[in-house]
Amino acid sequence: MNIHEYQAKALLRDYGAPVSDGRVVLQSDQAKTAAGELDGPLWVVKAQIHAGGRGKGHFKEAEAGDKGGVRLAKSVEEAEAMAKQMLGRTLVTHQTGPAGKQVNRIYIEAGSGIERELYLALLVDRQTSRVSFVCSTEGGMDIEDVAANTPEKILSFSVDPATGYQAFHGRRIAFALGLKGPQVKQCVALMGTLYKLFLDKDMEMLEINPLIVAEGGDLKVLDAKFGFDGNALYRHADIAALRDETEEDPKELAASKYDLNYVALDGEIGCMVNGAGLAMATMDIIKLYGAEPANFLDVGGGATKEKVTEAFKIITSDPNVKGILVNIFGGIMRCDIIAEGVIAAVKEVGLKVPLVVRLEGTNVEKGKEIIRNSGLNVIAADNLSDAAQKVVKAVKG
Ligand code: GDP
Ligand code: MN
């Protein structure tokens, strides 16, 4: 789960990390008062969406005076005007995709003078199963570009969980970032704070881009992107409360309400499968036969008819879906339940695209019979490869 920049900064403030004072506003008429509570002479007006690259982003349906989603104001009046210009509009960045994201919240922050922009991240490194630090002198840029063009400018190392964070970790970062004098001590303290926050809250990713050397020489967090492990949210009610459902894919949101493991993808073939491994194999074989999956969906072992119906509705609500492949290996899951769910869903939402069904396992004959007798125009398949070929053919001709 991701949170907004202003929420991440509130957490950082609680933990004693250096961030500027700021206010979040939901309506433009609150902006002037909010800005007035902050010290000038510079204010930063920042669109709050769950995506990076806001500064270099652009708004849909361009208007005169448009700039990106991060702007500098020289007066509270100017800050108010900028908030007004951004609120309610759709910001497109390289991380939002072409559809963009609607700006519903604005963060106004006391502006900082910047000497240097640096990059810092903590993440769970799956290779070493440890928490890793990543840092670079090239802050404010896309770290992917830095990694591709000048990988020597990135330092990355993991922390042994047996010792935890130690001052030498922080010094290693400080020297890699070219920090001097009192900045080194600040860096050692800040990295310790970030590491503690990361572990305390079961985070998956903590990215600060940029971490700055402010005018006067002090370190400060200027941007913050936090991601949390969804499986650990049950023990962090404070973090779960920060969830902003308007930022999530509506299909993924609906799926999470029904406890379905669903991930939206860009392809044209909707998949309903039981078991994560089989779902991965189904996506692979669709690709093998020349098409792309529209989603990953594991309905799970103990799915009910209602759950299957809901899953089918989510798949058909995706306008990119040109064909559906139901691939069920009934172990714990019974094939007749799946068949009933599919039919109930089709009765409710209709079927406008070809549907290929492959059933195998518990109650398979009963399941096939239910589908045969339903009068639905279903293409039956005998095995995984047959099913994938049939659905790709139905979609691509
Ligand atoms: P992002 O574009 O979504 O990554 O948003 P950031 O919060 O990183 O802001 C983008 C850029 O705006 C930063 O890299 C800075 O160059 C600039 N910026 C943000 N806050 C300030 C500030 O307080 N003062 C100044 N001078 N520039 C800022
Ligand atoms: Mn940034």
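The values are calculated or read from the model by the stated rules, or taken from the named source; none is laboratory data. Small disclaimer: the values here were computed from a predicted structure and weren't measured. We place every Cβ from the backbone using ideal geometry, glycine too, and count neighbours over all the protein chains shown. We work out accessible area using only protein heavy atoms, side chains counted, and drop any ligands, DNA or RNA first. Shrake-Rupley method; radii C 1.70, N 1.55, O 1.52, S 1.80 Å.
Summary of computed values
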{"read-out": "Breaking point among (1) under 22 Å from residue 214 (Cα atoms); (2) more than 15 Å from ligand 2 (Cβ to nearest atom), for residue 52", "value": "(2)"}
{"read-out": "From 259, 218, 249, residue being more than 16 Å from ligand 2 (Cβ to nearest atom), on the phi > 0 side of the Ramachandran plot and surrounded by fewer than 16 Cβ atoms within 10 Å (Cβ to Cβ)", "value": "259"}
{"read-out": "Matching residues, segment 89-98, being open to solvent by 50 Å² or more (accessible area, probe 1.4 Å) and either touching a strand residue (DSSP E or B) at 6+ places or on another chain (Cβ under 8 Å) or β-branched (Val, Ile, Thr) (or both)", "value": "98"}
{"read-out": "Selected residue (criterion: farthest from residue 223 (Cα to Cα)) from residues of segment 153-178 that are under 28 Å from the mean Cα position of the chain (by Cα) and among the charged types (D, E, K, R)", "value": "160"}
{"read-out": "Segments classed as strands (runs of 3 or more DSSP E), wholly inside segment 178-289, with at least 3 members that are under 28 Å from residue 132 (Cα atoms) and among the hydrophobic types (A, V, I, L, M, F, W, C)", "value": "203-214"}
{"read-out": "Candidate set from segment 364-377 (those that are assigned to a loop (DSSP other than H, G, I, E, B) and open to solvent by less than 60 Å² (accessible area, probe 1.4 Å)); member that is modelled with the lowest pLDDT", "value": "376"}
{"read-out": "Residues of segment 192-204 classified as without any contact (Cβ under 8 Å) to a residue 60 or more places away in the chain and farther than 18 Å from residue 237 by Cα, total", "value": "1"}
{"read-out": "Checklist (1) among the hydrophobic types (A, V, I, L, M, F, W, C); (2) within 14 Å of ligand 2 (Cβ to nearest atom); (3) under 20 Å from the mean Cα position of the chain (by Cα); (4) under 18 Å from residue 208 (Cβ atoms) applied to residue 11, failing item", "value": "(2)"}
{"read-out": "Among (1) assigned to a loop (DSSP other than H, G, I, E, B); (2) more than 16 Å from ligand 1 (Cβ to nearest atom); (3) crowded, with 16+ Cβ neighbours inside 10 Å; (4) without any contact (Cβ under 8 Å) to a residue 24 or more places away in the chain - the single one residue 170 does not satisfy", "value": "(1)"}
{"read-out": "Of all residues making up segment 57-88, the number that are within 16 Å of ligand 2 (Cβ to nearest atom) and open to solvent by less than 40 Å² (accessible area, probe 1.4 Å)", "value": "4"}
{"read-out": "Test: residue in segment 246-261 that is within 16 Å of ligand 1 (Cβ to nearest atom) and either not aliphatic (A, V, I, L, M) or not assigned by TED's automatic domain parsing to the domain that holds residue 102 (or both)", "value": "yes"}
